[in-house]
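What follows is a short report on a single structure.
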Amino acid sequence: MWWQQHLAKPLRRLHQRQCALTSKAVRVHQLHSTSTGFTDRCYDDLYPGHIHTTPIQKALLAVGSGVAALQNPYRHDMVAVLGETTGHLALINLRDRMRNDPEGYTVLTERPRIRLSTLDLSKMASLPDGSFGREYLRFLEDNHVTPDSRADVKFVDNEELAYVMQRYREVHDLLHTLLGMPTNMLGEVAVKWFEAAQTGLPMCALGAVLGPLRLNARRLQSLFTSLGPWALQNGRRSRCILSIFYERRWEQSVEDLRQELNIAPPPITLSATNKESTINNPGITGQMTFDCGQTRNI
């Protein structure tokens with residue numbers, strides 16, 4: 001019939017459009033159903049939680065996190081992003097140093113993690129005073145900190161380098177114990193000076209430069225005349241702090257471990273409980289006290 005011939009062409013077009021829409025809907029459904037698996041496969045290529053970023057994106061993240069960290073040093077998430085987006089060359093150097101050290105190579109191979117779930121706190125508490133494990137546990141208790149507060153790495157585009165960065169974060173409190181530094185601002189700045197000389201991480205250098213701006217005159221004098229030179233000298237000359245399998249050193253004394261790492265005792269003892277510090281110099285009598293407020297930085 002004439003009307004059938006007249007409508008045949010529009011009907012064919014409508015049928016073609018319906019087929020095209022159905023095909024698109026099927027493809028969208030397939031993409032949605034496989035998106036989770038695709039994302040997981042991307043993560044599995046490097047490590048869980050990894051977020052791939054281009055060099056431009058890394059630069060933007062570095063600038064943004066740096067500005068945020070300057071405005072608020074307590075934004076630990078921003079400090080972490082800054083470290084990950086600016087530390088590639090330093091991480092390579094640290095990784096190579098670990099590879100060239102027998103114990104460091106074992107750490108890279110076995111990938112130990114320092115978490116409450118991996119620590120035998122009761123055993124550490126039973127160790128004698130002066131042992132590394134007992135003093136580390138005392139540090140956690142006195143400063144009210146936990147190893148579980150360390151954020152996971154996300155923006156390092158190499159699985160092995162990501163572990164190096166994670167290991168650096170997790171041994172930070174162990175380094176406090178070795179150096180005898182509490183988590184007040186003066187203690188944190190001293191540790192940052194040591195880490196800057198030891199690791200070469202730009203984040204540590206930035207903290208070492210900007211940290212003193214938050215200290216008063218007496219603390220600055222202590223930093224520049226005593227703690228600072230000691231931290232820089234020991235950071236440069238000591239063995240790589242990431243090459244130590246600390247989990248197997250709990251029973252070793254802090255003194256012996258310092259000697260093995262070529263770290264001299266601190267010239268000033270800072271206390272986290274009574275906010276007092278004393279100069280470790282037999283030729284000086286009395287005590288020099290600094291009012292150290294409690295803070296916490298990465």
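Report yes if Ala125 is within 21 Å of Asp77 (Cβ to Cβ) and aliphatic (A, V, I, L, M), otherwise no. Judged against the criteria, Ala125 is not a match. Here Val209 meets the list (1) among the aliphatic types (A, V, I, L, M); (2) buried (at least 19 other Cβ atoms within 10 Å of the Cβ); (3) over 20 Å from Asp101 (Cα atoms) almost entirely, failing just condition (2).
When the stretch 233-251 is limited to residues that are assigned to a helix (DSSP H, G or I) and open to solvent by 60 Å² or more (accessible area, probe 1.4 Å), the one that is nearest to Glu103 (Cα to Cα) turns out to be Arg248.
The criterion of being closer than 13 Å to Ala162 by Cβ and modelled with pLDDT under 85 holds for Tyr43.
With Leu94, Leu137, Leu119 as the choices, which residue is of a type in the set (A, V, I, L, M, F, W, C) and over 13 Å from Trp250 (Cβ atoms)?
Values: Leu137 fails: over 13 Å from Trp250 (Cβ atoms); Leu119 fails: over 13 Å from Trp250 (Cβ atoms).
Step by step, each of Leu94, Leu137, Leu119 is checked, and only Leu94 is of a type in the set (A, V, I, L, M, F, W, C) and over 13 Å from Trp250 (Cβ atoms).
Looking only at the stretch 169-180, residues that are over 14 Å from the mean Cα position of the chain (by Cα) and either under 17 Å from Ala80 (Cβ atoms) or in a loop (DSSP other than H, G, I, E, B) (or both) come to 1 in all.
Being in contact with a Cys (Cβ under 9 Å, 6 or more places away or on another chain) and under 23 Å from Thr109 (Cα atoms) is true of Gln198.
Consider Glu160 carefully, then state whether it is in contact with a Ser or Thr (Cβ under 9 Å, 6 or more places away or on another chain), in contact (Cβ under 8 Å) with a residue 60 or more places away in the chain and charged (D, E, K, R). Spelling it out, it is not the case that Glu160 is in contact with a Ser or Thr (Cβ under 9 Å, 6 or more places away or on another chain), in contact (Cβ under 8 Å) with a residue 60 or more places away in the chain and charged (D, E, K, R).
If you go through the stretch 109-168 one residue at a time, how many are assigned to a helix (DSSP H, G or I), of a type in the set (Val, Ile, Thr) and open to solvent by 10 Å² or more (accessible area, probe 1.4 Å)?
2
Quick grid of which residues meet (1) modelled with pLDDT under 90; (2) closer than 24 Å to Tyr246 by Cα; (3) outside any helix (DSSP H, G or I); (4) not polar (S, T, N, Q):
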site	(1), (2), (3), (4)
His15	yes, no, no, yes
Cys19	yes, no, no, yes
Leu31	yes, no, no, yes
Ser65	yes, no, no, no
Ala68	yes, no, no, yes
Ile92	no, yes, no, yes
Arg97	no, yes, no, yes
Tyr105	no, yes, no, yes
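In the stretch 193-204, the residue that is nearest to the chain's Cα centre (by Cα) out of those that are open to solvent by less than 20 Å² (accessible area, probe 1.4 Å) and within 19 Å of Pro265 (Cβ to Cβ) is Glu195. Would you confirm whether or not the stretch 208-225 contains a residue that is in contact with a Gly (Cβ under 8 Å, 6 or more places away or on another chain), hydrophobic (A, V, I, L, M, F, W, C) and part of a helix (DSSP H, G or I)? No, the conditions are met nowhere in the stretch 208-225. Checking each residue in the stretch 219-228 for being open to solvent by less than 60 Å² (accessible area, probe 1.4 Å) and over 11 Å from Phe194 (Cβ atoms) picks out Arg219, Leu220, Ser222, Leu223, Ser226.
Look at Phe139 and say whether it is aromatic (Phe, Trp, Tyr) and within 21 Å of Gly83 (Cα to Cα). Considered against the rule, which asks whether it is aromatic (Phe, Trp, Tyr) and within 21 Å of Gly83 (Cα to Cα), Phe139 comes out as no. Only a single criterion out of (1) at negative phi; (2) modelled with pLDDT of 50 or more is not satisfied by Asn262, namely (1).
The values are calculated or read from the model by the stated rules, or taken from the named source; none is laboratory data. Since we're looking at a predicted model, the values are computed, not measured. Cβ coordinates were reconstructed from backbone atoms using ideal geometry, including for glycine residues, and neighbour counts include every protein chain displayed. Accessible surface areas use protein heavy atoms only, side chains included; no ligands, DNA or RNA. Shrake-Rupley method; radii C 1.70, N 1.55, O 1.52, S 1.80 Å.
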